[in-house]
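Input: a single structure, listed below in structure tokens.
Since every read-out is calculated from the coordinates, none of them should be taken as a lab result. All values reported here derive from a predicted model rather than from experimental measurement. Please note: Cβ atoms are built from the backbone with ideal geometry, for glycine as well, and neighbour counts cover all protein chains shown.
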Amino acid sequence: MKMGKFLKLGVPLMGLSIGYKLHRAFRHPLPKISHAERLLERLELNTSIDWLEEKQFASDWQKKLMPFLERRRQSGKIHTGPYSLAYDFYALENAVATCVIVHGFNEYKEKYLELIYYLLQAGIQAIVYDARGHGESKLAPNQTQIDCLSFQPYIEDLELVVGLAKNMGGSERPLFLFGHSMGGAVATRLTQTYPQIINGLILSAPMLAIHSSGLPMEFAHIISRMMQKIGQGKKYLPAESNLKKDNYLTFQMPNHLSNSEVRGRFFFDLNRNLHRYPTRSGSYNWLNAALDTLQKIHAESEIKKISCPSLIFRAERDQVVKKEGIYHFYNRLPFSFNILVPSSEHEILSGHDDQVRMIVSQIIEFISNNAE
């Protein structure tokens, strides 16, 4: 065969071979449809909850929530490598269970104080911490980008927090994990790694698949890996091009995170009051690490390791995480109760009063029923 003909045949075949290998290595096969969900509904709890109200949210926070929590808070730091992970443990003498709360990407522990306020009233103690690179667990105050090469340190950090929760809250007490968004992925991976460590898993709009600026996740995965290989892994993700503008310095409404302007604005301001320079975005390194982790989470052999009951909330209008990842995951779990939060943006606990109360009631009932 002449060299010219060989090249005409060989180059396309080589391209097909490389393309197939890339597809196999970076694929994220997920279902488009699932009917295994129920609409969020109102529950009647056995315990009376003193709810915060949007119309006087800041006042209720200062006059009711903070005094109640400050009497029960025990704060400290877990030292691991160069990081010191800030945590707050909210104790109850006769708690029915302990809940470990894992916040999401670019969030901070105080964002979950409203949830903790309600859990404590229902007899459930809680611990919440700032993940490495977030909140008070940053290496430097002016660090504003989340950059990591692997999610394994997040998972190992959570293992340390779970151990602390058992030591401080009583090793005999049932223990539950609550994870939002990225925290949901971290909580899920820990549960797969140590299936017997918890009594139940609660996921709030979990990051089990990512909206990647219109690109299929396979392409986003390949691009993030290539950027890492050529030494550009620390660059900001292109979706954050608005960082060049100043609109991130003020609260914007409407947005793709919160339905309630009151709660959204309050937590935005709280973040800026607590942290001089809040974290803002991620890097290609982070995206590659996240997508590597999602491939592990969705492996059939890994999902089968989870034997505890699960409660999974999906936000109907979520523009941050993709529903297909949630579908693939819960369709393979043996014991999961899956709830669709109608008309909700990504942060389901930053909704209006009715939505927040129904979600919290479901969480309390789930923990109470599975702590027996």
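So who's got an amide H within less than 5 Å of the one on residue 137, skipping anything under 5 residues away but keeping other chains? H placed 1.01 Å off N, in plane.
86
Quick check on packing: order 130-139, 203-212, 249-258 by the mean number of other C-beta atoms within 10 Å, highest mean leading. Don't skip to the answer; put the middle values down first.
Values: 130-139: 21.6, 203-212: 24.9, 249-258: 13.9.
Averaged packing, sorted descending, gives the order 203-212, 130-139, 249-258.
In whole Hz, what ³J(HN,Hα) sequence does region 144-155 give by Karplus (6.51, -1.76, 1.60; θ = phi - 60°), x for Gly and Pro?
Along region 144-155, the couplings run 10, 10, 8, 9, 8, 9, 7, 8, 4, x, 4, 5 Hz.
Compute the length gained on full extension between residue 194 and residue 34: take 0.36 nm times their separation in residues and subtract their Cα-Cα distance, giving the result in nm to one decimal.
Numbers: separation 160, 0.36 × 160 = 57.60 nm, distance 2.78 nm.
Full extension from residue 194 to residue 34 adds 54.8 nm.
Straight-line reach from residue 166: which aspartates and glutamates have Cα under 15 Å away, leaving out those fewer than 8 places along the same chain?
88, 93, 157
Full extension from residue 84 to residue 251: what is 0.36 nm times the residue separation minus their Cα-Cα distance, to one decimal in nm?
Values: separation 167, 0.36 × 167 = 60.12 nm, distance 2.93 nm.
Contour length minus Cα-Cα distance gives 57.2 nm.
Give the label of the value calculated from the structure for P(r) over Cα pairs in 20 Å bins from 0, in percent, choosing from (1) 28, 58, 11, 2, 0; (2) 28, 43, 25, 4, 0; (3) 26, 56, 19, 0.
Read-out taken from this structure: (1).
What residues have an amide H closer than 5 Å to that of residue 102, excluding those fewer than 5 places away on the same chain, when H is modeled at 1.01 Å from N in the peptide plane?
Those qualifying (amide H under 5 Å, at least 5 residues apart or on another chain) are 178, 179, 180.
Quick one: grab the alpha carbon gyration tensor of region 108-260, order the square roots of its eigenvalues as a ≥ b ≥ c, and give me rounded if a/c is under 1.5, else prolate or oblate depending on whether a/b is larger than b/c. It would help to have the intermediate numbers written out before the result.
Details: a/c = 1.94, a/b = 1.50, b/c = 1.29.
In terms of gyration-tensor shape, prolate.
Filter 109/138; 32/229; 111/138; 296/322; 63/138; 55/138 down to the pairs with a C-alpha to C-alpha distance above 24 Å, please. Kindly include the intermediate steps, with their values, before the conclusion.
Numbers: 109/138 13 Å; 32/229 32 Å; 111/138 17 Å; 296/322 17 Å; 63/138 30 Å; 55/138 34 Å.
Violating the 24 Å Cα-Cα cut-off are 32/229; 63/138; 55/138.
If r is the Cβ-Cβ distance from residue 74 to residue 171 and R0 is 25 Å, what FRET efficiency results, to the nearest 0.05?
Numbers: r = 17 Å, r/R0 = 0.67.
E(calc), rounded to 0.05, equals 0.90.
Local charge sum around residue 33 (other residues, Cβ-Cβ under 12 Å, Lys/Arg +1, Asp/Glu -1)?
0
Starting from the exponent 0.38 and prefactor 2.2 Å, build the expected Rg for region 73-149 from its residue count and divide its actual Cα Rg by it.
On the way: Rg = 13.5 Å, N = 77, 2.2 N^0.38 = 11.5 Å.
Against the compact-globule rule of thumb, the ratio is 1.18.
Using θ = phi - 60° and the Karplus curve 6.51 cos²θ - 1.76 cosθ + 1.60, what whole-Hz ³J(HN,Hα) does each residue of region 283-299 get, with Gly and Pro shown as x?
The phi angles translate into 10, 4, 4, 4, 4, 4, 5, 4, 5, 4, 5, 5, 4, 5, 4, 7, 4 Hz.
Residue by residue, what Karplus-based ³J(HN,Hα) values in Hz, rounded to whole numbers, does region 207-216 have, using 6.51, -1.76 and 1.60 with θ = phi - 60° and x for Gly and Pro?
7, 10, 7, 10, 6, 10, 6, x, 7, x
Long-range amide H contacts for residue 126: which residues qualify at under 5 Å (H placed 1.01 Å from N, peptide plane, sequence gap of 5 or more or a different chain)?
Placed amide hydrogens put 90, 99 under 5 Å from residue 126.
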